[in-house]
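The values are calculated or read from the model by the stated rules, or taken from the named source; none is laboratory data. All figures in this text were calculated on a predicted structure; none of them were measured in a lab. Quick reminder, even Gly has a Cβ in these numbers, built from the backbone with ideal geometry, and neighbours come from all protein chains shown.
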């Protein structure tokens with residue numbers, strides 16, 4: 001996909017601040033420091049649109065980025081490492097949960113995991129949460145450039161088995177450094193944006 005425009009719109013903490021234009025939304029979830037900002041910047045061909053922080057847990061709001069005037073990436077607070085109080089974590093958890101469950105323009109969640117390590121308990125919980133609420137998910141296994149090519153399939157198998165990846169769910173091998181997997185990730189995202197709406 002050709003990205004002709006991308007802009008940061010708003011950092012939101014609740015539904016009243018979310019964009020009201022009903023454009024499709026793709027949320028990005030992952031552990032703090034897993035590389036969500038790097039993923040956004042690589043996908044949008046921008047160096048610093050999403051700020052990359054050396055401090056885990058920097059994103060504490062839902063950050064909306066409008067792409068080509070057609071849809072949004074929504075960066076949600078990272079789970080895991082963040083050195084914040086328990087009450088703050090609970091607040092984020094509630095905000096993210098409400099967004100995932102109640103937000104009608106949400107088309108899918110891109111869950112980013114680190115290919116080098118087996119998914120954590122937090123990664124597993126997030127995946128099972130999305131499956132429980134029947135939210136479409138794309139798994140992006142990033143940092144592929146940090147592993148030799150001969151080890152990729154072994155590590156992908158570990159990710160798949162640890163998450164207990166369901167049949168039909170896609171996993172994309174990705175590197176923000178080299179751009180590996182970028183076209184495949186766009187293809188999967190576009191499929192989700194254009195997926196027919198199930199009629200109840």
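Listed values, structure above:
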{"item": "Top-ranked residue of the range 57-73 - restricted to ones that are out of contact with any strand residue (DSSP E or B) (no Cβ under 8 Å at 6 or more places or on another chain), over 17 Å from residue 108 (Cβ atoms) and surrounded by fewer than 19 Cβ atoms within 10 Å (Cβ to Cβ), ranked as modelled with the highest pLDDT", "result": "69"}
{"item": "Evaluation of residue 35 against (1) surrounded by 18 or more Cβ atoms within 10 Å (Cβ to Cβ); (2) at pLDDT 80 or above; (3) within 22 Å of residue 193 (Cα to Cα) (one fails), failing number", "result": "(3)"}
{"item": "Residue that is surrounded by 13 or more Cβ atoms within 10 Å (Cβ to Cβ), modelled with pLDDT under 95 and under 24 Å from residue 33 (Cβ atoms), where the choices are 129, 174", "result": "129"}
{"item": "Looking only at the range 79-108, and only at residues there that are in a loop (DSSP other than H, G, I, E, B) and in contact with a strand residue (DSSP E or B) (Cβ under 6 Å, 6 or more places away or on another chain), the one that is modelled with the lowest pLDDT", "result": "80"}
{"item": "The range 161-185, residues that are in a loop (DSSP other than H, G, I, E, B), within 25 Å of residue 105 (Cα to Cα) and touching a strand residue (DSSP E or B) at 6+ places or on another chain (Cβ under 8 Å)", "result": "165, 169"}
{"item": "Selected residue [outside any helix (DSSP H, G or I) and either under 21 Å from residue 24 (Cα atoms) or touching a helix residue (DSSP H, G or I) at 6+ places or on another chain (Cβ under 8 Å) (or both)] from 134, 188", "result": "134"}
{"item": "Selected residue [modelled with pLDDT under 95, surrounded by 15 or more Cβ atoms within 10 Å (Cβ to Cβ) and in contact with a helix residue (DSSP H, G or I) (Cβ under 8 Å, 6 or more places away or on another chain)] from 30, 14", "result": "30"}
{"item": "Number of the condition not met by residue 151 [criteria: (1) buried (at least 19 other Cβ atoms within 10 Å of the Cβ); (2) modelled with pLDDT of 95 or more]", "result": "(1)"}
{"item": "From 120, 162, 142, residue being modelled with pLDDT under 95, farther than 20 Å from residue 60 by Cα and surrounded by 17 or more Cβ atoms within 10 Å (Cβ to Cβ)", "result": "120"}
